[in-house]
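Notes follow the structure.
Laboratory data are not the source of any read-out in this text; all were calculated from the coordinates shown. This structure is a prediction, so every number in the text was calculated from the model and none was measured. Cβ placement follows ideal geometry from the backbone for every residue including glycine, while neighbour counts extend to all protein chains displayed.
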Amino acid sequence: MIEIQNIHKQFGTQTVLNNISATFEEGQTSLIIGQSGAGKTVLLKCIVGLLDPEKGKVLYDGRNALTFNKKERHLLRREMGMLFQSAALFDSMSVLENVMFPLDMFSTKTYNERLKRARFCLERVNLLDAQDKSPEELSGGMQKRAAIARAIALEPRYLFCDEPNSGLDPKTSLIIDELIHGITKEYNITTIVNTHDMNSVMNIGDHILFLAGGEISWEGNKDDILHTDNKLLNDFLFSSEILRRVAGEK
Amino acid sequence: MFIAKSIKTFGSYLLLMRRVFARPESGRIFMRQTMREIFQLGIDSIPIVLLISFFIGAVICIQMKLNIENAWMPKFVVGYATREIMLLEFSSSIMCLILAGKVGSNITSEIGTMRVTQQIDALEIMGVNSANFLIMPKVTALIAMIPILVIFSIVAGIVGAYAIGFFTGIMTPDDLTCGLQYEFQQWYIWCSIIKAIFFAYIITSVASFYGYTVEGGSIEVGKASTDSVVSCSALILFADIVLTQLLMQ
């Protein structure tokens, strides 16, 4: 479980996050949604430790990561997996080497055990056939799947995804969403996904935070979200013509 | 303003170097990366070093012959001057200026691209000391390879001088050999290698710093590459003065 308490972050005089508190449970896919510039990426970076907030606490199963020293922070990061917006696969390595990398770096297993684990992860994301390819030979969706395989290689307790469907078609987005959701349930991981994809919201939103103006404007799940009277959220949700028409028909 | 910015940049460089010179998390991966960099930065640079050194050796020989030819001047002076120029300056300083362009821009663009495509963030999230993982093998590899490149450059320059003598007939091989051996001091070779080791450190660390601290996109990566070559060249020239003064006294 991850708990954030009173997170406050500002750049210069501009406040980006103002007093954000939330709890992200194990085995749940939590989504952070909001317009571009709402502070989603900054919040995710504060949670994973790529940015330090001015105030607040980030508790990983009760451990405040912001008070950790460098060594403790590095150890915590070995319990994390992250899927970046650009997949961030290492160009100089093949797909298999990318997945093997965290295992080679930190696992005490033998080479054959590491190889077996990497192949298992690639099989889990249905990418075993592409193991010898280099990242630039893969499509956007395949790159995201390879990045998921790399993120889960060390059996993380926490999984973070920054705009996992960015640049993908709706069908591929669905595959990525179901993969993230499936892995979360299967391994009982605490997963936080940063997105503005409405399909993801409706498919995998066990827990949803809507950020607006650096504050949590609404919190709930995919079943509640269509029945809210929060004007900002409704404006955000129904900004798409298709959704407006579907909602109008209903 | 400029001084404050320079001090801040130097401070950031020192902080980065503190992270670079840490114990690698995995010795096996460090060795693997270092071997890769030895090929990429060192072995791949051999052809350009040989090519440029060969022609510069030949040109120095022609210039010396044309400009200092005099009845009072012994013929072996051409070989002597060619050797001294190759040994003392070209094969260390000028060759490293050339490498600053080839290797320095390569390092900056590689690390800069990794920064803007979030590959460095991915390393950090995994709990890897990205500065150590990316930069230390480059520094180690070029420092390990630079003595070999210096020796290759000296040899190629001398072969170039012999070749021009042979093909144009402006000098006999005996006169050239006599000049090359005249008052030879082994220490000059060591000077050249020592200077080149310092320059190799400047090239790899400064170029890595520019790449590692890139913010933005491809335009910024291109700009950082240019800035890194300019800074490396200026620092090599400055270090050359200091090292020459210290080593040749």
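The long axis of helix A:95-106 is offset from the longest Cα principal axis of chain A by roughly 90 degrees. Taking the longest Cα principal axis of chain B as reference, the axis of helix B:27-37 is set at about 50 degrees. Considering every alpha-carbon pair of chain B, the percent of pairs per 5 Å bin, from zero through the bin containing the longest distance, is 1, 7, 12, 15, 16, 14, 11, 8, 6, 5, 3, 2, 1, 0, 0. The order of B:VAL230, B:VAL49, B:VAL150, B:VAL155, going from fewest to most other C-beta atoms within 10 Å of their C-beta, is B:VAL230, B:VAL155, B:VAL49, B:VAL150.
Tell me, what is the FRET efficiency for B:SER12 and B:ALA234 to the nearest 0.05, using R0 = 22 angstrom and their Cβ-Cβ distance as r? Efficiency at R0 = 22 Å is approximately 0.80. With the alpha-carbon atoms of the range A:71-195 aligned to their principal axes, the span from lowest to highest coordinate is 40, 31, 24 Å, starting with the largest. Once the Cα atoms are used to define both axes, helix A:111-124 deviates from the longest principal axis of chain A by about 40 degrees. The smallest convex shape that holds all Cα atoms of the range B:184-249, its convex hull, gives 72 Å³ per residue. Whole angstrom only: what separates the Cα centroid of the range A:189-221 from the Cα centroid of the range B:62-120? The range A:189-221 and the range B:62-120 have Cα centres separated by 58 Å. Averaged over the residues of A:104-112, the number of partner chain Cβ atoms lying within 10 Å of the residue Cβ comes to 2. For peptide A:73-85, the mean count of partner chain Cβ atoms within 10 Å of a residue's Cβ comes to 3.
In vacuo Debye scattering of the range A:1-118, one point per C-alpha: log10 I(q)/I(0) at q = 0.10, 0.12, 0.13, 0.23 Å⁻¹? Rounded to two decimals, the profile gives -0.40, -0.57, -0.65, -1.33. In the calculated pair-distance distribution of the protein assembly as shown, the portion above 36 angstrom amounts to 45 percent of the Cα-Cα pairs. Less than 5 angstrom separates the built amide H of A:LEU83 from those of A:PHE160, A:CYS161, A:ASP162, all sequence-distant by 5 or more or on a different chain.
B:PHE184 to B:GLU220: FRET efficiency via 1/(1 + (r/R0)^6), r the Cβ-Cβ distance, R0 60 Å, to the nearest 0.05? Once rounded, the FRET efficiency stands at 0.75. If you average the C-alpha positions of the range A:40-76 and of the range B:144-175 separately, how far apart do those two centres end up, in angstrom? The two parts, judged by their Cα centres, are 59 Å apart. Put a plus charge on the Cβ of each Lys and Arg, a minus charge on the Cβ of each Asp and Glu, and nothing anywhere else: the dipole of the protein assembly as shown about its Cα centre is then about 900 debye. Counting neighbouring Cβ atoms within 10 Å and putting the fewest first, the residues B:PHE30, A:PHE84 line up as B:PHE30, A:PHE84.
For A:CYS121, B:CYS96, the sequence from fewest to most other C-beta atoms within 10 Å is A:CYS121, B:CYS96.
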